[in-house]
Amino acid sequence: MCGIAGFFSRQPFDSALLDFSSKSLQHRGPDGEGFSMMDEQGAMKAFYGRATRENCRSSRFGWLPQHEWTHWPQTHGGFIHRRLAIIAPDEGGHQPQSDQSGRFWITYNGEIYNYLELRKELEQFGYAFFTGSDTEVILAAYAHWGPECLQRFNGMWAFAIYDSLEQTLFAARDRFGVKPFYYVKQTGRFAFASEYRVLTGSGWATKKLNPRAVFDYFVFSEIEYEAEGFFTDIAELAPAHYLQYNLKTEQLNTCKYYSLSFTADRAPFSMRADEVQERTLFELERAVKLRLRADVEVGSCLSGGLDSSAIVALMHKNLPSGHPLHVYTAIFPGSSIDESAYAAEMARSVEAIQHTVQPDANSLWASLNEFSAALDLPIWSTSTFAQYRVMQKVSETGLKVVLDGQGGDELFAGYPYHHYFFRKGAPYLSAEEAKLLGGRKFQFHQWLRYEGIFKAGNFAASRFYRHYFPGLKYLRDDFYKAHVERFSHPAERRWPDLNSRLAWEMQNTTLKAYLRCEDRCSMHFGVESRTPFADDHLLAEWALSIPGRFKIKDGVGKVVLREALKGLMPENVRLRRDKKGYSTPNNSWIRELAPALPTIFEGGNWEEFIDKPRLISDLRHFFNPSHDVDDGRIFKFISFVSWMNGLNNSDFFPKP
């Protein structure tokens with residue numbers, strides 16, 4: 001797990017830009033740095049920086065640097081790599097790395113968990129390996145299979161490979177978007193990076209915001225569902241895509257290499273329930289075992305919910321005897337959303353060493369500037385801050401790798417609204433469903449939310465949204481009315497059944513947005529977060545082949561997963577029905593912070609989107625919610641304005 005960036009230009013540029021990029025990404029890779037730079041003829045050469053380890057400054061391998069980057073003050077291009085050493089932590093894992101011929105160079109962020117199996121396969125074709133790193137395997141796989149190598153990888157990745165012979169760049173991103181990849185293409189130059197801050201801070205992209213993305217954020221709570229995200233100059237390489245860029249012709253092509261298939265809920269399915277449960281456990285355990293591969297200790301996040309508890313149970317089952325298992329939990333004593341009792345019970349059942357952290361309004365306020373900068377974009381609610389503090393705790397205890405449960409809800413139908421898609425078209429709910437969900441009223445509200453309101457047309461839908469979500473009145477009228485076309489309901493959002501909805505959530509929409517927060521929170525503290533539910537395509541393909549009737553029954557979700565885990569965890573945890581999500585006392589915190597909020601809203605330059613006088617005059621009312629249900633809308637104003645205020649702050653977004 002690392003931070004990567006690259007810059008290529010027809011005109012030479014100051015190589016200090018690469019050093020600036022490395023500094024901007026140092027939190028993602030505190031264990032070392034490396035550079036490679038290209039000359040006028042397209043040849044690449046390695047250099048070291050101040051943070052490059054001494055044992056990596058040698059001639060043992062052809063890609064190891066022997067000279068500092070300052071020896072080459074001007075360059076036409078180069079790669080940057082900040083390293084978090086997990087696999088092959090010695091000099092064999094140093095990057096940027098080249099193949100033995102020196103033709104292909106790579107900078108890579110992620111883990112290919114099945115690299116040992118791929119290495120054996122490639123050795124049969126005559127490839128020799130000199131290190132224990134998965135990076136070397138990726139290079140050989142690309143040299144042998146070309147872009148088809150991506151079909152063979154199991155894991156999470158964002159990488160770029162430069163072909164010095166053809167002077168082309170090949171970059172790829174994992175199937176579900178665990179690892180980020182942003183890029184800028186302008187006449188005569190191309191750049192990419194793991195985080196926006198590198199591209200905006202470099203001057204190769206402006207900080208001009210995309211109003212459509214801002215609108216989608218406030219109105220639909222959507223982040224990065226489209227290629228052009230918050231910044232107009234920066235594009236995101238979508239999950240399951242690769243790009244090819246020719247440095248000589250400046251031609252850029254992107255290609256989708258993977259789609260997640262699914263079984264319609266009413267399609268024929270011959271397997272018995274016990275067979276489905278057995279296969280589900282097999283696939284999940286295989287995914288967890290693969291993600292235990294590391295040359296450092298591996299722990300886990302543990303919320304007390306089913307998904308993280310399943311991972312902890314299977315880690316305990318597959319770790320060597322006597323191997324300590326560290327788990328990390330955010331707790332909120334006295335709050336209705338506190339899950340600490342379930343987490344503690346699960347930790348005791350596997351004799352794990354549990355570490356807890358107790359985020360609160362004061363710690364959020366004290367960390368708000370750093371937190372906003374670390375996330376690289378605004379967010380929905382304070383739940384991400386709990387995740388942020390958990391990752392900080394992981395780092396403080398000395399661990400570099402944890403497993404986490406993101407993706408379980410999307411694969412096995414864990415959210416209450418999933419029941420709507422499961423029962424879609426049914427004239428009634430069972431008695432048990434009606435008791436748990438609220439009967440016809442629940443179904444009507446979900447129909448209105450996902451379908452009915454959009455049948456009324458853009459103008460009517462926009463009026464309804466502003467009435468139903470009072471916070472939207474604080475958006476500028478001209479800004480809001482200028483984007484009513486965003487209420488159109490495209491065909492890909494008409495989900496006929498449960499699995500069609502789950503497949504949509506897995507691919508470049510809701511899950512990817514959660515994974516972006518996971519990436520920023522963990523990497524800000526130099527921690528690698530592995531998500532077996534979200535980055536193992538074999539598990540995802542199996543889960544989406546299971547018809548909905550195995551996932552939801554009598555108003556209860558994740559039925560097949562619950563049954564598959566029988567005997568592996570306390571029954572109190574396995575059968576709990578009080579779905580909490582990853583929650584915080586969001587509204588309570590906002591009420592507590594309300595007196596201090598004027599210091600945030602008085603400054604900044606965000607009036608293009610928000611009616612500043614109206615919001616400031618109504619601060620005491622808006623930020624004093626009468627209920628404790630977090631609708632994901634109030635904190636967005638705090639997050640957005642805090643992020644905007646820091647956007648031009650050099651302390652958080654440094655300039656070269």
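Quick note: the coordinates plus some simple rules give every number you see, no bench work behind them. Fair warning: this is a prediction, and the values are worked out from it, not measured in the lab. All Cβ positions, even for glycine, are placed from backbone atoms using ideal geometry, and neighbour counts span all protein chains on display.
For each of ASP631, ASP409, count neighbouring Cβ atoms within 10 Å of the residue's Cβ, then give the residues from fewest to most.
Listed from fewest to most nearby Cβ atoms, that is ASP631, ASP409.
Under the simplified labelling scheme, the LEU575-ARG279 pair shows an inter-label distance of 2.7 nm, with each label point 7 Å from Cα along Cα→Cβ. Taken as Cα centroids, the stretch 6-37 and the stretch 457-536 sit 33 Å apart, rounded to the nearest whole angstrom. Over the stretch 2-256, what is the relative contact order in percent, taking alpha-carbon pairs closer than 8 angstrom and at least six residues apart? Once divided by the residue count of the stretch 2-256, the mean separation gives 18 percent. Each of TYR450, TYR183, TYR257 has some number of other Cβ atoms within 10 Å of its Cβ, and from fewest to most they run TYR257, TYR450, TYR183. Relative to one another, the C-alpha centroids of the stretch 116-173 and the stretch 244-323 are positioned 21 Å apart.
Summary of packing: across the peptides 293-301, 266-274, 620-628, the per-residue average of other C-beta atoms within 10 Å ranks them, highest first, as 293-301, 620-628, 266-274.
Here the dipole of the stretch 2-256 is about 340 debye; that uses its Cα centre as origin and unit charges on the Cβ of Lys and Arg (positive) and Asp and Glu (negative). Computed from the C-beta positions of ASN362 and SER617 and an R0 of 22 Å, the FRET efficiency is 0.25 to the nearest 0.05.
One equal scatterer on each Cα of the stretch 322-403, no solvent, Debye formula: the resulting log10 I(q)/I(0) at q = 0.21 Å⁻¹ is -1.06. Over the chain, Cα pairs under 8 Å with separation of 6+ residues give a relative contact order of 16 percent. Applying 1/(1 + (r/R0)^6) with R0 = 22 Å to the Cβ-Cβ distance of LYS289 and ARG348 gives a FRET efficiency near 0.40.
Annotation for SER395 and GLU541: the two label points, set 7 Å from Cα along the Cα-Cβ direction, are 3.7 nm apart.
Between TYR342, ALA287, GLN100, whose Cα lies farthest towards the positive end of the dipole of the chain when Lys and Arg beta carbons carry +1 and Asp and Glu beta carbons carry -1, centred on the Cα centre? The residue sitting most towards the positive pole is TYR342.
I need the semi-axes of the equivalent ellipsoid of the chain: take the C-alpha gyration tensor, multiply each eigenvalue by 5, square-root it, list largest first in whole angstrom.
Semi-axis lengths for the chain are 39, 31, 24 Å.
Ordered by the count of other Cβ atoms within 10 Å of each Cβ, fewest first, THR168, THR206 give THR206, THR168. In the stretch 2-256, the alpha-carbon atoms span a convex hull of 117 Å³ per residue.
What are the membrane-span-like helices in the chain by this rule: whole DSSP H runs, Cα extent along the axis at least 24 Å, mean Kyte-Doolittle hydropathy at least -0.5? Numbers along the way, then the final one.
Details: long enough: 273-290 (26 Å, -0.47).
Span-like helices in the chain: 273-290.
Available extension along the chain between GLN66 and GLU592 is 183.8 nm, counting 0.36 nm per residue and deducting the alpha carbon span. A protection proxy built from the mean count of other Cβ atoms within 10 Å ranks the segments 363-372, 388-397, most packed first, as 388-397, 363-372. Only beta bridges with both residues in the chain are counted; by DSSP, about 80 percent of them are antiparallel. Alpha carbon centre of the stretch 368-416 versus the stretch 559-614: separation in Å? Centre-to-centre (Cα) distance: 11 Å. Using a/c under 1.5 as the rounded threshold, could you call the stretch 204-321 rounded, prolate or oblate? The axes a ≥ b ≥ c are square roots of the C-alpha gyration tensor eigenvalues, and prolate needs a/b larger than b/c, oblate otherwise. Because a/c hits 1.5 or more and a/b exceeds b/c, the stretch 204-321 counts as prolate.
For HIS355, nonlocal amide neighbours, meaning residues 5 or more places apart or on other chains whose placed amide H falls under 5 Å from its own, are VAL327, TYR328, THR329.
Dipole orientation for the chain: of the candidates PHE487, ILE616, ILE80, PHE487 has the Cα lying most toward the positive pole (charges on Cβ; Lys, Arg +1; Asp, Glu -1). Per-residue ellipticity at 222 nm, computed for the chain from helices alone with -39500 (n - 2.57) per DSSP H run of at least four residues, works out to -10500 deg cm²/dmol.
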